[in-house]
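Here the structure comes first, spelled out in structure tokens, and everything after it is commentary.
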Amino acid sequence: MSSITFYGGVGTVTGSKYLIQHNGKRILVDCGLFQGLRELRDRNWQDPPFDPASIDAVVLTHAHIDHTGYLPKLVKLGFSGDVVTSKATADLVRILLPDSARLQEEEADYRNRHQLTIHKPALPLYDEADARAALKLLRTVSNDAKPVDIVDGITASFMVAGHIMGASLVLLELHHARSDGSSIRLLFSGDLGHYDQPILKDPAPPPDCDYLICESTYGGRLHGDESPADQLAKIINDAVQRGGPILIPAFAVGRTQEVLYTIRELEEEKRIPVLPVIVDSPMAAQATQVYNRWNDEHDLEYASILAQKRHPLRTRSMSTASSREESKRLNQMHGPRIIVSASGMMTGGRVLHHAIRILPDEKATLVFVGYQAAGTTGRRIQDGEREVKIMKNWIPVKCHVEKVEGFSAHADWQGVLRWLSGLRTAPIMVFLTHGEPEGAEAMAQHIHDRFGWKTEVPTLGETVVLSEPPAVVGG
Ligand SMILES: [Zn+2]
């Protein structure tokens with residue numbers, strides 16, 4: 001019997017985990033942390049609904065923590081198989097998982113110091129040693145569509161998904177799955193990239209499949225018409241008029257690189273003056289190196305800039321701060337300048353040190369370039385709160401607050417339909433995952449309206465048997 005069970009990424013965009021059982025083997029596609037609301041995060045602490053030691057292998061679609069962040073815990077609980085993923089994803093996971101562990105340790109430490117816990121002492125979900133142990137299991141492949149063996153009876157092909165560096169569409173082939181000896185092809189969209197975005201190739205066309213597991217983050221939304229570059233140019237020019245600094249909170253992997261690429265382009269087109277750009281995030285600096293390393297993922301424009309021996313992610317006057325001392329020194333600068341720092345939702349990291357200076361400054365500008373989740377400091381400021389608590393101090397918000405729409409690593413629903421139109425035959429079933437309930441339902445409706453395919457929005461813990469013909473619904 002062959003089956004899929006949905007253990008995450010359903011009813012939410014986080015915690016992606018899909019268990020595939022076939023031929024007595026068990027593999028997990030993605031192994032993500034639940035993030036955001038308390039009731040979701042609590043799930044990370046519950047015993048997993050499967051025995052981690054019984055899992056034979058893990059396949060990762062991309063490096064984001066909501067797809068990889070549970071891996072150290074899985075290893076801590078007894079998993080010891082291969083973790084198969086693209087080379088660039090492995091590079092990014094080597095940066096992100098130890099960082100995730102440090103955040104877990106800091107949070108446990110904070111709870112202990114402030115007696116915010118009934119556990120004595122509060123323990124981290126996992127620590128840096130667990131993350132290092134997980135990294136030892138990485139086995140890398142290319143995003144070149146060539147099938148590789150995962151376990152006995154299951155092969156996988158990885159293709160460019162265009163979401164972040166290294167992100168993959170993954171086609172699993174479950175061999176001899178049906179009684180007539182035929183195999184079953186299961187396609188995971190992973191997180192599907194935005195067509196025509198800078199830096200990365202567009203998503204590869206989908207190979208034919210029997211079942212499709214498709215993301216639906218933007219199932220009910222479209223990206224706006226005004227390009228992020230146009231919006232950013234206007235904001236930067238206004239800020240220069242005022243003579244104040246610009247602070248851009250951005251996630252270190254993916255968004256920081258998109259922002260730097262855009263600023264460099266605006267400078268070259270002389271649409272903005274050349275300003276000092278300070279990238280104050282050691283992780284962002286490391287991630288930028290990974291972005292330059294893997295040529296086969298780059299789009300034509302990026303490749304041609306590299307071919308001219310120019311650096312696509314380096315603005316004219318750019319500095320990166322690695323040490324805390326460098327970071328502090330950069331704080332002494334005056335006049336118009338752009339500071340890019342993590343975390344992107346202002347929940348921690350060096351961006352907070354900059355925010356303490358920037359927020360009360362009437363000449364300064366704070367620019368959001370990504371989604372601000374409910375409950376974060378970024379969201380509070382975006383919602384217009386006049387005072388926010390940062391590192392135990394109340395800081396007045398007097399700076400200009402701007403928001404750039406459209407810097408998104410996800411295809412919107414029209415992009416997903418464009419990708420799906422590459423399928424030559426209808427899948428038996430399309431499962432909509434990685435969406436809030438409204439997004440998943442809306443995406444299912446769009447697919448149904450456009451192609452007439454069968455869709456389902458799975459529920460948490462639901463198992464679907466794949467090896468028998470699906471039940472015929474209605475007449
Ligand atoms: Zn992602």
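Nothing in this text is a laboratory measurement; each read-out follows from the coordinates by a stated rule. Because the structure is a prediction, the values reported are computed rather than measured. Using ideal geometry, Cβ is built from the backbone for each residue, glycine included, and neighbour counts are taken over all protein chains shown.
Could you tell me what % of all Cα pairs in region 385-475 have separations over 16 Å? Numbers along the way, then the final one.
On the way: 2840 of 4095 pairs.
Roughly 69 percent, rounded to a whole number.
Could you go through region 120-135 in sequence order and give the Karplus-derived ³J(HN,Hα) for each residue, using 6.51 cos²θ - 1.76 cosθ + 1.60 with θ = phi - 60°, rounded to whole Hz, and x for Gly and Pro?
Residue by residue, region 120-135 yields 10, x, 5, 10, x, 4, 7, 10, 4, 5, 5, 4, 4, 5, 5, 5 Hz.
Can you give the FRET efficiency for Glu438 and His334, using 1/(1 + (r/R0)^6), R0 = 35 Å, r = Cβ-Cβ distance, to the nearest 0.05?
Values: r = 46 Å, r/R0 = 1.32.
The value I calculate is 0.15.
Which of the GluC sites (Glu not before Pro) found in region 169-274 are loop residues per DSSP with 13 or fewer other Cβ atoms within 10 Å of their Cβ?
Numbers: sites: Glu173, Glu215, Glu226, Glu258, Glu265, Glu267, Glu268, Glu269; in loops: Glu226, Glu269.
Qualifying residues, ordered by number: Glu226, Glu269.
Return the loop-located trypsin sites (Lys or Arg not before Pro) in region 67-167 (DSSP other than H, G, I, E, B) with at most 12 other Cβ atoms within 10 Å of their own Cβ; answer none if there are none.
Qualifying residues, ordered by number: Lys136.
Quote the FRET efficiency, to the nearest 0.05, computed for Ser54 versus Ala145 with a Förster distance R0 of 35 Å and r equal to the Cβ-Cβ distance.
Details: r = 30 Å, r/R0 = 0.85.
In this case the efficiency is close to 0.70.
Place a +1 charge on the Cβ of each Lys and Arg in the chain and a -1 charge on the Cβ of each Asp and Glu, then give the dipole magnitude about the Cα centre in debye, rounded to the nearest 20.
With only Lys, Arg, Asp and Glu charged at Cβ, the dipole is about 1560 debye.
Pairs Lys17/Lys309; Lys25/Lys87; Lys76/Lys392; Lys363/Lys389: which exceed 31 Å Cα-Cα?
Cα-Cα > 31 Å for Lys17/Lys309; Lys76/Lys392; rest within.
Which chymotrypsin sites (Phe, Trp or Tyr not before Pro) in region 1-103 pass both tests, a DSSP loop state and at most 15 other beta-carbon atoms within 10 Å? Don't jump to the answer; show the numbers that get you there.
Numbers: sites: Phe6, Tyr7, Tyr18, Phe34, Trp45, Phe50, Tyr70, Phe79; in loops: Phe34, Phe50, Tyr70, Phe79.
When the chymotrypsin sites (Phe, Trp or Tyr not before Pro) of region 1-103 are filtered for loop state and at most 15 Cβ neighbours within 10 Å, nothing remains.
Which of the lysines could be linked to Lys270 by a straight reach, that is with a Cα gap under 19 Å, when you skip same-chain ones fewer than 8 residues away?
Lys234
Which log10 I(q)/I(0) values does the chain give at q = 0.08, 0.09, 0.10, 0.13 Å⁻¹ under the Debye formula, counting every alpha carbon as one identical point scatterer?
-0.48, -0.61, -0.76, -1.25
With everything on Cα atoms, drop me the angle between helix 87-113 and the longest principal axis of the chain, reported from 0 to 90° to the nearest 10.
Result, in degrees: 70.
Mean separation of Cα pairs under 8 Å and 6+ residues apart, divided by the residue count of the chain: what relative contact order is that in percent?
18 percent
Which semi-axis lengths, in whole Å and largest first, follow from the square roots of five times the eigenvalues of the Cα gyration tensor of region 25-107?
Ellipsoid half-lengths, sorted descending, are 19, 17, 11 Å.
Would you kindly state how much longer the chain becomes between Val274 and Asp299 on full extension, computed as 0.36 nm times their sequence separation minus their alpha carbon distance, in nm to one decimal? Show your work: numbers first, answer last.
Working: separation 25, 0.36 × 25 = 9.00 nm, distance 2.54 nm.
That works out to 6.5 nm of additional length.
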